[in-house]
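Structure, as structure tokens:
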Amino acid sequence: MSSTAEPEPSRTLERALARLLRPVVRVLLRHGMPYAAFADIAKQVYVETAMRDFGIEGRKPSISRASILTGLTRKEVQRRLAGAAAGREAPAERHNRAVRVLTAWVRDPDFLAADAAPRALSPEGEDGFAELARRHSGDMPPRAVLDELLRIGAVRQRDDGLIEPVARGYVPQRSAEDKLRMLGTDVADLAATIDHNIEHGATDPFFQRKVMYDGIPVDVLPTFRRWSATFAQALLEKLDRWLATRDDGSDGGPKARVGVGIYYFEDPSGRGPDEGRAP
């Protein structure tokens with residue numbers, strides 16, 4: 001057999017999983033999560049995913065099938081399902097009403113300056129933050145919206161009392177809890193896109209591209225970091241404006257969550273994602 005033969009899919013998947021887990025495990029260890037806790041969560045997700053996404057068409061999902069798919073005993077599958085039914089931790093989207101106010105701040109012309117940048121706003125008044133919150137948060141009290149955005153460091157109150165955004169979008173500045181939630185949402189979205197493209201990429205691909213070079217001098221990285229952030233922000237704001245005009249809050253017709261994510265990475269070591277020894 002030729003030594004250049006393609007690796008078996010299972011071996012390729014193992015190597016891909018090892019690469020994926022390295023940065024995730026760094027986060028887990030940094031925040032004190034031991035392996036046993038990780039393994040417990042993995043078992044729960046295996047069971048819930050098998051029951052939700054891998055049923056046989058026309059049949060009700062069964063504990064026996066979930067046991068076969070996951071390799072867990074029927075007793076363990078049943079225990080996990082009982083835990084979920086009892087209200088076990090459920091991941092929550094952090095794009096709440098406060099976030100809608102923050103994103104509206106960069107596109108509602110009544111709250112923009114002449115250069116189209118978000119204006120610093122007084123807490124009250126017809127053209128102040130309270131009015132922005134009333135327009136875009138539903139029935140959430142403006143003070144509660146402001147407190148939430150201050151809590152995560154997305155806005156700040158200046159010495160003159162005016163409120164201004166720290167970032168043109170939902171980027172938690174202080175709260176480790178909110179940043180960790182983004183690990184669960186943003187990485188999950190990218191993984192879901194890759195999964196879709198593995199299964200349906202030939203007929204219905206989702207956009208998934210990146211640009212990368214491994215011989216870039218380290219001293220030019222700060223320049224590229226700033227330039228790429230500016231360019232990426234401009235693109236995201238353009239996409240945001242397009243989606244905002246089509247965001248239908250009515251109850252009629254099916255709705256979907258949709259978006260485009262952009263992220264920056266650099267690795268001065270030059271070793272890339274294969275660092276370390278794969279299993």
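The values are calculated or read from the model by the stated rules, or taken from the named source; none is laboratory data. Note that this is a predicted model, so its numbers are computed, not measured. Virtual Cβ from ideal backbone geometry, glycine too; neighbours counted across all protein chains shown.
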Report task. Check Leu28, Leu17 and return the single one that is touching a helix residue (DSSP H, G or I) at 6+ places or on another chain (Cβ under 9 Å), without any contact (Cβ under 8 Å) to a residue 12 or more places away in the chain, of a type in the set (A, V, I, L, M, F, W, C) and assigned to a helix (DSSP H, G or I). Result -> Leu28
Query raised in the report: For region 93-136, what are the residues that are among the small types (Gly, Ala, Ser) and under 21 Å from Gly161 (Cβ atoms)?
Result: Ala98, Ala113, Ala117, Ala120, Ser122, Gly125, Gly128, Ala130, Ala133
Report task. Determine the pairs where a residue that is at pLDDT 70 or above, located within region 79-102, has a partner that is among the aliphatic types (A, V, I, L, M) and assigned to a loop (DSSP other than H, G, I, E, B) with Cβ atoms under 6 Å apart, the partner being 6 or more residues away or on another chain. Result -> Arg97/Met140; Leu102/Ala154
Requested in this report: Assess whether Arg151 counts as being within 30 Å of Val45 (Cβ to Cβ), touching a His at 6+ places or on another chain (Cβ under 8 Å) and modelled with pLDDT under 85.
Outcome: no
Query raised in the report: What pairs can you find where one residue is in region 205-226 and farther than 12 Å from Glu266 by Cα and without any contact (Cβ under 8 Å) to a residue 12 or more places away in the chain, the other is surrounded by 10 or more Cβ atoms within 10 Å (Cβ to Cβ) and among the polar types (S, T, N, Q), and their Cβ atoms are less than 6 Å apart, with a gap of 6+ or different chains?
Result: Pro205/Asn197
Query raised in the report: Among the residues of region 214-229, is there at least one that is at pLDDT below 90 and surrounded by 12 or more Cβ atoms within 10 Å (Cβ to Cβ)?
Result: no
Report task. Report yes if some residue within region 38-61 is surrounded by fewer than 10 Cβ atoms within 10 Å (Cβ to Cβ), out of contact with any strand residue (DSSP E or B) (no Cβ under 7 Å at 6 or more places or on another chain) and either in contact (Cβ under 8 Å) with a residue 12 or more places away in the chain or among the polar types (S, T, N, Q) (or both); otherwise report no. Result -> no
Query - Among residues of region 204-256, those that are closer than 27 Å to Ala192 by Cβ, assigned to a loop (DSSP other than H, G, I, E, B) and not β-branched (Val, Ile, Thr), counted - result: 19
Query raised in the report: Would you say Thr73 is loosely packed, with under 14 Cβ neighbours inside 10 Å, at pLDDT 90 or above and at negative phi?
Result: yes
Requested in this report: Looking only at region 39-55, decide whether some residue is part of a loop (DSSP other than H, G, I, E, B), in contact with a helix residue (DSSP H, G or I) (Cβ under 8 Å, 6 or more places away or on another chain), more than 19 Å from Val187 (Cα to Cα) and not hydrophobic (A, V, I, L, M, F, W, C).
Outcome: yes
Report task. Just one of (1) closer than 27 Å to Arg19 by Cα; (2) loosely packed, with under 10 Cβ neighbours inside 10 Å; (3) small (Gly, Ala, Ser) trips up Ala232, so point out which. Result -> (2)
Query - Leu17, sole failed condition from (1) under 30 Å from Lys75 (Cα atoms); (2) touching a Leu at 6+ places or on another chain (Cβ under 9 Å) - result: (2)
